[in-house]
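The values are calculated or read from the model by the stated rules, or taken from the named source; none is laboratory data. All figures in this text were calculated on a predicted structure; none of them were measured in a lab. Reconstructed Cβ throughout: ideal geometry from the backbone, glycine too, with neighbour counts over all protein chains shown. The area values use the complete protein model at the heavy-atom level, side chains included, leaving out ligands, DNA and RNA. Shrake-Rupley method; radii C 1.70, N 1.55, O 1.52, S 1.80 Å.
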Amino acid sequence: MPSIAVVGLQWGDEGKGKVAAYLARGANLAVRYNGGPNAGHTIMYSGKTFRMHLVPAGGLVCGTAAIGAGVYVDLKTLSEELKESREVRPDLRLYLSPRAQVITEIARRAEEFLESMRGERAIGTTRRGIGPTAVERFGRVGLRVADLLEPDSLQEKLRDIVTFWNLKGVDTRALADGLSELFSSIEVEVTEVNRLIRERLTSGGTVIFEGAQGTMLDVFYGTYPYVTSSITTSAGVSIGCGIPSRWIDVIVGVAKSYTTRVGAGPFPTEIHGDIADRIRSAGVEYGATTGRPRRIGWLDIAQLKFAADLNGTDEIFLTRVDTLSGLDRLKVCVGYEGYEDGEFPVTVSELSRVRPVYAELEGWPPIDETKRGEILREGYGALPSQARRYLDFVEENLGTHVKYVGVGPRTEDVVER
Ligand code: IMP
């Protein structure tokens, strides 16, 4: 499997970091293709927990990582994360696309303004400047990594961005100096990532494409406007890395065994009360970037079908079967009343009115450390029978093979089916 794309099928936080790290064993290169420091990939690797925002989680495992043109880069986050990553992986090589977009203080200020302007309709962004940086890109005033290599014209470019947003009181000289200084302290190799990928793949290497956020946060197909400003579907791989889409051999869609969402916007299978609290606390469901409690809901196959179709998903990696354990009964949404298979509302008002149709299934006994050990030793058959029925049910209703099952937080806590 020389090239594998990892995409989120829900509203982000599906466990893509762990999945990318798992699949990166034996890979030659791990590439982030979208998103920015709004993402938070938590992985447990080498006995340590990492919250990766920009450096591909798979890079910690395979030792070589790249950040593609589709990523919004915050230099401070990148610098800190690289230092931390190199504590466990001193030989980590990181390549950075000169075409990747740089987030500045200006974008964060613009975002404060835009979010407060929306009042109650605020998106509930991570406040990392993603939206305004995307606007700068398409407004053709944005700052790219390549601009950091031309320090003499940096201040002029920053002035254009300030004018674009009509902001006052930004010291562009200090900002330019700060960016240049920070950039020169970061040990990355600026290179055309598309060429690097081509070279790796044509010489028989394996490349993992690591996505951020999830399909329902996609700026084209997600629950607009409650989305992020990236292409979060598998289409984002070719755009964000500069490679033809036919170069992707396998698309692995990642979904949790239930659903979560951070930030505002409709969420048809959302639940409140004891069960939601229990899942939230069992799964430590708090945003890895902002610390906000995640909203919790049942698995939504109507939503997943839409997402799996959009991505061309070949295989499903269902995470957190352990977190969902210990419930007597649980529900799965198998469709929305009046909607066809794979059909999904276009507007948030329509989505907020859908009536989910639920199937009720038996829960399974707790998967604790002992049980997890047994499952990892003996394989898929050692999962509780009710959990296996749940996985069969998901596979049948979704029509996509559930190949991998996550049974714990560590990178290696996975059974294949
Ligand atoms: P932004 O990406 O900061 O502009 O936020 C837009 C929306 O996407 C908000 O609802 C965020 O909570 C959500 N979001 C952005 N990144 C992530 C992520 O990595 N996981 C989950 N939600 C995210």
Rounded accessible area of ASP368 (nearest 10 Å², 1.4 Å probe): 80 Å²
Sorted largest first, extent of segment 101-185 alpha carbons per principal axis (Å): 42, 23, 22
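Once you have the alpha carbon radius of gyration of segment 164-270, what is it after dividing by 2.2 N^0.38 Å, with N set to its residue count?
Numbers: Rg = 19.0 Å, N = 107, 2.2 N^0.38 = 13.0 Å.
Rg over 2.2 N^0.38 Å, computed on Cα atoms: 1.46.
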Cα-Cα P(r), segment 255-416, percent of pairs per 10 Å interval: 10, 39, 38, 12, 1
Rounded to the nearest Å, the spacing of the alpha-carbon centers of segment 115-147 and segment 215-233 is 14 Å
Carbon plus sulfur fraction of accessible area for segment 57-173, probe 1.4 Å, in percent: 50 percent
Alpha carbon centre of segment 5-30 versus segment 307-362: separation in Å? 21 Å
For the chain, the Rg and Dmax computed from alpha carbons only, in angstrom: 21.1, 65
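Tell me the per residue accessible area of the chain using a 1.4 Å probe; a whole number in Å² is fine.
Numbers: 17130 Å² over 417 residues.
Normalised by residue count, the accessible surface of the chain is 41 Å².
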Whole-Å distance, taken between Cα centres, linking segment 390-417 and segment 56-83: 28 Å
Out of GLY287, GLY338, ILE243, whose Cα points farthest toward the positive end of the dipole of segment 230-365 (charges: +1 Lys, Arg; -1 Asp, Glu; placed on Cβ)? GLY287
Give, rounded to the nearest 20 debye, the magnitude of the charge dipole that segment 199-271 has about its Cα centre when Lys and Arg contribute +1 at Cβ and Asp and Glu contribute -1 at Cβ. 40 debye
Computed lengthening from SER245 to VAL346, 0.36 nm per intervening residue step minus Cα-Cα distance: 33.8 nm
Eligible lysines near LYS157 by straight Cα distance, threshold 28 Å, same-chain separation 8 or greater: LYS76, LYS168
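Can you check what the net charge comes to around ALA27, using other residues whose Cβ is under 13 Å from the Cβ of ALA27 (Lys, Arg +1; Asp, Glu -1)? Don't skip to the end; give the middle numbers.
On the way: positive: ARG25, ARG200; negative: GLU210, ASP249.
Value of the local net charge: 0.
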Under 5 Å from the placed amide H of VAL102, counting only residues 5+ away or on other chains, we find VAL73, LEU143, ARG144, VAL145
Among ALA308, SER325, LEU361 - extreme Cα towards positive end, dipole of segment 255-416, charges at beta-carbon: SER325
Cα-centred dipole magnitude for the chain, charges only on beta-carbon of K, R (+1) and D, E (-1), debye, nearest 20: 360 debye
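For segment 306-359, what is the charge dipole size about the Cα centre, in debye to the nearest 20, if Lys and Arg each add +1 at the Cβ and Asp and Glu each add -1 at the Cβ?
Working: 5 positive and 10 negative charges, 76 e Å.
Using Cβ point charges on Lys, Arg, Asp and Glu, segment 306-359 gives about 360 debye.
Find the Rg to Rh ratio for segment 35-79, where Rh is the Kirkwood radius over alpha-carbon pairs and Rg uses the same atoms. It would help to have the intermediate numbers written out before the result.
Numbers: Rg = 10.5 Å, Rh = 11.0 Å.
My calculation of the ratio gives 0.95.
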Got a number for the accessible area of HIS401? Probe 1.4 Å, square angstrom, nearest 10. 80 Å²
Charge dipole of segment 24-125 built from unit charges on the beta carbon (Lys, Arg +1; Asp, Glu -1), centred at mean Cα; most positive-end Cα among ALA100, ILE123, LEU60 is LEU60
Heavy-atom accessible area of ARG128 with all protein chains present, probe 1.4 Å, nearest 10 Å²? 80 Å²
For LYS256, go through the lysines and keep the ones whose alpha-carbon is under 17 Å away, minus same-chain ones fewer than eight residues off. LYS16, LYS18, LYS305, LYS331, LYS403
